[in-house]
Amino acid sequence: MPVQLLKIMKEQSEAPLPNHMQKEDLKHLQEGCDHTNKYIQGIVVLSYPLTKLRDGTDFFKIVLQGLDDLCSRINSINILIYGKMAEDCAKILRHGDTFIVAGFKVIKSPTASEDGRHGCHLEVSEEAGSAIYVSSIAPKYVYTPLNQLKDGTIVNLYGVVKFFKPPYVSKGTDYCSVVTLVDPSNVKLTCTLFNGNPDCLPKIYKVGDIVRFHRIKIREYNGQMQGITSGGFASLTFDGTVGAPVVPRTSSKMYTFMDEEHKTIEELRVWAASNISISGPAAKLSAVQPMLFFDLTCQLVGKAKVDGSSFLLKVWDGTKCPYPTWRVPVEAKDLEGEKVLLHQLRNLTVDILVYDNHVQLAKSLKIGSFLRIYSIHTKQASADNEDVSRIEFHLHGGTCYGRGIGVLPENNPDVKELQAFLRSVDLADSQNMESMSSVEFNSISSDFTDFESDLERFQRLPVTVLTDHQDLNNTELKTIMNSTAPQQYRIRAKLRTYKPQKLHQSVKLHCSKCNSLQEVPDGEEFNLILQRSAVIAPNPELHNTLWYDSVMWTTQDEKQRNIAIHFVKHDEMLQRPENTLLMIEGGTLKEIWKLTKRFKCVIPVRSTEDDLELLDLSAPFLLQGNVKYYGCKQCSAPKPIKNLSSIAAEQEPSWEPTEIAQVLGIELLQYVFIMKFTLVDGTGAVNAYLFDYEKFFQIPASEILTNSFLQEKMQMTMNMLCPPGRKLDDLPWLECFIKSYNVRDAMKHRVCYQIFDTTVAEDVV
């Protein structure tokens with residue numbers, strides 16, 4: 001059988017293979033070399049579903065990570081398995097298995113530039129005489145402390161959960177979870193994790209849990225390290241309580257956990273107990289008060305759709321809320337759940353109304369499941385026809401402060417404790433409970449004033465931060481509206497509404513020289529300009545100058561386009577791709593985007609008789625990463641492309657957009673957010689404009705249009721500042737600076753207002 005399962009003892013460092021076989025290092029693999037009697041050994045970090053090719057041949061692809069470096073992406077290789085071997089491997093291979101292959105064919109990989117893996121891939125089949133050995137020997141993993149993380153690396157790490165957001169539906173099709181970790185190095189790492197299956201995300205239930213992440217990618221953003229999921233990402237979660245059993249939580253059926261890792265868990269538990277504030281058990285319904293935010297561990301006994309943006313969950317925890325509670329009006333036929341049990345528990349259940357992004361998950365919950373609902377808000381409310389105030393339970397939209405719903409397994413210690421308590425509840429007693437007397441209601445009503453300060457404190461939460469002018473005192477909007485301009489003010493107000501509601505429409509291009517604003521051109525306009533310029537054939541006389549090297553080829557499609565790429569040199573030498581600026585003639589938009597993923601900068605150009613020149617300034621003059629840079633048509637005076645040679649001659653060319661624009665005579669347009677906020681404070685209302693590059697949202701306007709993660713972050717920020725569908729009393733207070741200024745035209749004079757020196761608090765989203 002060409003696919004064999006091996007049993008390798010812990011003390012063995014090598015697989016028991018035939019004596020004539022020699023181990024080959026991944027870095028020595030080259031196309032055309034003789035690899036007879038050689039084998040490759042590594043760890044399976046990624047596998048794809050078994051498929052069939054057009055001719056009916058079974059096909060199975062895996063990614064193998066070299067044993068000498070379990071984190072580096074370049075030390076991984078794609079292995080393509082065909083025929084009967086593909087079918088056999090698909091049945092037995094699991095992530096983390098040790099995989100050994102011999103009799104392979106080395107082929108140049110067409111995807112190396114995109115996936116960052118080895119420049120070659122291996123092709124394996126029974127017909128080629130290949131042999132595969134699989135074992136479950138556990139590799140030795142290296143774990144990186146949080147203070148030693150570096151940008152662009154893929155690492156393994158341990159951390160204690162300081163903050164988390166339960167899995168929620170992202171803008172796309174994936175689920176997202178956000179986790180902030182700390183460790184004894186006293187460094188914080190925020191990780192944003194995506195997966196199409198929420199069960200594959202870390203099973204975190206509370207602050208203080210300990211996680212182990214394998215193969216998480218580290219990137220630097222705004223001077224701080226962040227973690228994101230990469231191919232082969234895997235996680236284990238452990239209870240962070242000192243003395244609790246060391247039992248990993250994971251949806252994976254195959255994982256490694258060594259004896260020495262028990263010590264790591266215990267050490268982190270002891271450290272966390274004295275160094276971070278670990279939340280205690282979730283509150284009981286019997287202990288809730290009006291105007292609070294709390295976590296609740298409970299059982300779901302009923303659910304129903306209320307409207308398009310809200311959903312009802314009926315839950316209980318065996319205790320009775322001490323205050324009258326609000327019952328969400330729904331038709332009996334719309335309420336899912338066991339009718340007899342719902343009637344028995346009618347005095348013990350509470351109605352929780354969940355909104356917006358939580359609705360989809362709420363719909364999928366199974367009756368009888370055990371939940372932990374995070375950051376429930378209790379509010380005081382009265383119906384028009386009632387004199388009695390009741391408590392409402394709300395799970396607001398968004399994920400601020402960790403709002404969300406987690407499903408707990410039945411082996412969870414908190415669930416076991418809750419199950420035991422629920423079994424002890426005497427339902428007969430609960431059915432005989434009468435409504436509270438008017439005396440009790442009067443007592444409760446008098447107590448509500450004690451909690452008004454709690455609400456006021458919530459409304460004063462620092463959703464915005466003032467970055468200057470701390471000497472200014474708050475001014476009422478009524479006073480501001482009756483004052484002359486120009487002046488600067490500090491205000492405390494609520495955001496009643498904002499425009500545009502479609503946030504991507506808020507991004508504009510601004511020229512600081514002529515103060516003009518324009519819309520960001522769409523990709524189709526750029527594509528048309530490229531098509532027109534491709535008609536002009538590259539001029540061979542302009543190729544291979546002192547400061548750039550050129551290559552040219554003709555495409556094999558019907559149009560047979562001539563494409564020329566000019567690589568700018570430094571000290572007469574070509575640089576590494578990540579440090580290289582290149583110019584392209586005749587390329588399509590798709591081809592240019594591919595180049596931006598590998599090279600530092602790309603400039604679209606066309607040939608003239610004497611020199612290369614920029615395209616029409618309706619197109620971007622420069623592309624870097626995912627950002628397109630434009631120039632102002634009115635203020636720019638384009639200079640010859642050869643002026644770029646002055647930057648190439650610098651000791652360490654940075655190829656910054658501002659420097660490139662300057663030498664090419666381009667007045668650089670800057671991406672800005674332009675929004676109108678309607679602010680109210682009870683004394684008046686003003687429309688204040690937000691004109692911001694990246695300070696207010698702490699998000700660069702230049703990146704928002706191409707980055708779905710940043711788009712989601714901005715949307716969640718606005719949902720926090722101005723929650724949709726909420727009453728004015730429920731909106732948070734914002735502290736910000738506004739300045740008044742005069743606007744005059746031939747017909748009239750207006751006073752306008754602009755927000756300045758204000759930023760959204762770091763922990764709002």
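The values are calculated or read from the model by the stated rules, or taken from the named source; none is laboratory data. In this text, all values refer to a predicted model and were calculated from it rather than measured experimentally. All Cβ positions, even for glycine, are placed from backbone atoms using ideal geometry, and neighbour counts span all protein chains on display. Protein only, heavy atoms only, side chains kept; ligands, DNA and RNA dropped before computing areas. Shrake-Rupley method; radii C 1.70, N 1.55, O 1.52, S 1.80 Å.
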Notebook entry, point to check: Got a number for residues in region 563-593 being farther than 21 Å from S654 by Cα, in contact (Cβ under 8 Å) with a residue 60 or more places away in the chain and not hydrophobic (A, V, I, L, M, F, W, C)?
Noted result: 1
Next item on the list: Name the residue, out of L146, L157, that is outside the structural domain of D25 (by the TED database), buried (at least 20 other Cβ atoms within 10 Å of the Cβ) and touching a Phe, Trp or Tyr at 6+ places or on another chain (Cβ under 8 Å).
Entry: L157
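Step by step: first the residues of region 540-562, then only those that are assigned to a strand (DSSP E or B) and touching a residue at least 12 places away in the same chain (Cβ under 8 Å), then the one that is most open to solvent (accessible area, probe 1.4 Å). Which residue is that?
Applying the first criterion (assigned to a strand (DSSP E or B)) to region 540-562 yields 548-554, 562.
With the extra rule that they be touching a residue at least 12 places away in the same chain (Cβ under 8 Å), the set shrinks to 548-552, 562.
Numbers: Y548: 8, D549: 50, S550: 19, V551: 66, M552: 93, N562: 57 Å².
Top of the filtered list is M552.
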Next item on the list: Using the structure shown, decide if E126 is closer than 30 Å to H28 by Cβ and in a helix (DSSP H, G or I).
Entry: no
Notebook entry, point to check: If you go through region 96-140 one residue at a time, how many are open to solvent by 30 Å² or more (accessible area, probe 1.4 Å) and either under 26 Å from H20 (Cα atoms) or not assigned by the TED database to the domain that holds L29 (or both)?
Noted result: 13
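For region 619-713, please list each of the strands (runs of 3 or more DSSP E) lying entirely inside it that holds at least 2 residues being among the polar types (S, T, N, Q).
670-680
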Next item on the list: Look at T173 and say whether it is surrounded by fewer than 21 Cβ atoms within 10 Å (Cβ to Cβ), within 33 Å of the chain's Cα centre (by Cα), within 20 Å of I81 (Cβ to Cβ) and not assigned by the TED database to the domain that holds I376.
Entry: no
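K478 - would you say it is in a helix (DSSP H, G or I), closer than 30 Å to T678 by Cα and out of contact with any helix residue (DSSP H, G or I) (no Cβ under 9 Å at 6 or more places or on another chain)? Quick ask: steps written out before the conclusion?
Details: in a helix (DSSP H, G or I): yes; closer than 30 Å to T678 by Cα: yes; out of contact with any helix residue (DSSP H, G or I) (no Cβ under 9 Å at 6 or more places or on another chain): yes.
So K478 fits the description; yes.
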Notebook entry, point to check: So which of S453, S389 is at pLDDT below 85 and either more than 30 Å from I491 (Cβ to Cβ) or assigned by the TED database to the domain that holds V247 (or both)?
Noted result: S389
Notebook entry, point to check: Only one of (1) modelled with pLDDT under 90; (2) surrounded by fewer than 22 Cβ atoms within 10 Å (Cβ to Cβ) is not met by P167, so which one is it?
Noted result: (2)
Notebook entry, point to check: Hey, among E650, E656, E694, which residue is open to solvent by 10 Å² or more (accessible area, probe 1.4 Å) and either small (G, A, S) or within 16 Å of S506 (Cβ to Cβ) (or both)?
Noted result: E694
Check: Is it the case that some residue within region 294-316 is open to solvent by 10 Å² or more (accessible area, probe 1.4 Å), of a type in the set (D, E, K, R) and at positive phi?
Finding: no
Notebook entry, point to check: What number of residues within region 403-424 satisfy the criterion of being surrounded by 19 or more Cβ atoms within 10 Å (Cβ to Cβ) and small (G, A, S)?
Noted result: 2
Item checked: Evaluation of L70 against (1) touching a Gly at 6+ places or on another chain (Cβ under 8 Å); (2) under 20 Å from S230 (Cα atoms); (3) modelled with pLDDT under 90 (one fails), failing number -> (1)
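Would you check which residues across region 158-191 are outside any strand (DSSP E or B) and either within 21 Å of Y143 (Cα to Cα) or touching an Asp or Glu at 6+ places or on another chain (Cβ under 7 Å) (or both) and list them?
Within region 158-191, the subset outside any strand (DSSP E or B) is 170-174, 183-187.
Those that are outside any strand (DSSP E or B) and either within 21 Å of Y143 (Cα to Cα) or touching an Asp or Glu at 6+ places or on another chain (Cβ under 7 Å) (or both): S170, K171, D183, P184, S185, N186, V187.
Residues to consider are T588, T554, T580; find the one that is in contact with a Phe, Trp or Tyr (Cβ under 9 Å, 6 or more places away or on another chain) and of a type in the set (S, T, Y).
Details: T588 fails: in contact with a Phe, Trp or Tyr (Cβ under 9 Å, 6 or more places away or on another chain); T554 fails: in contact with a Phe, Trp or Tyr (Cβ under 9 Å, 6 or more places away or on another chain).
Being in contact with a Phe, Trp or Tyr (Cβ under 9 Å, 6 or more places away or on another chain) and of a type in the set (S, T, Y) holds for just one of T588, T554, T580, which is T580.
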Next item on the list: Take region 198-212 and flag every residue that is over 20 Å from H262 (Cβ atoms), open to solvent by 40 Å² or more (accessible area, probe 1.4 Å) and in contact with a strand residue (DSSP E or B) (Cβ under 7 Å, 6 or more places away or on another chain).
Entry: P198
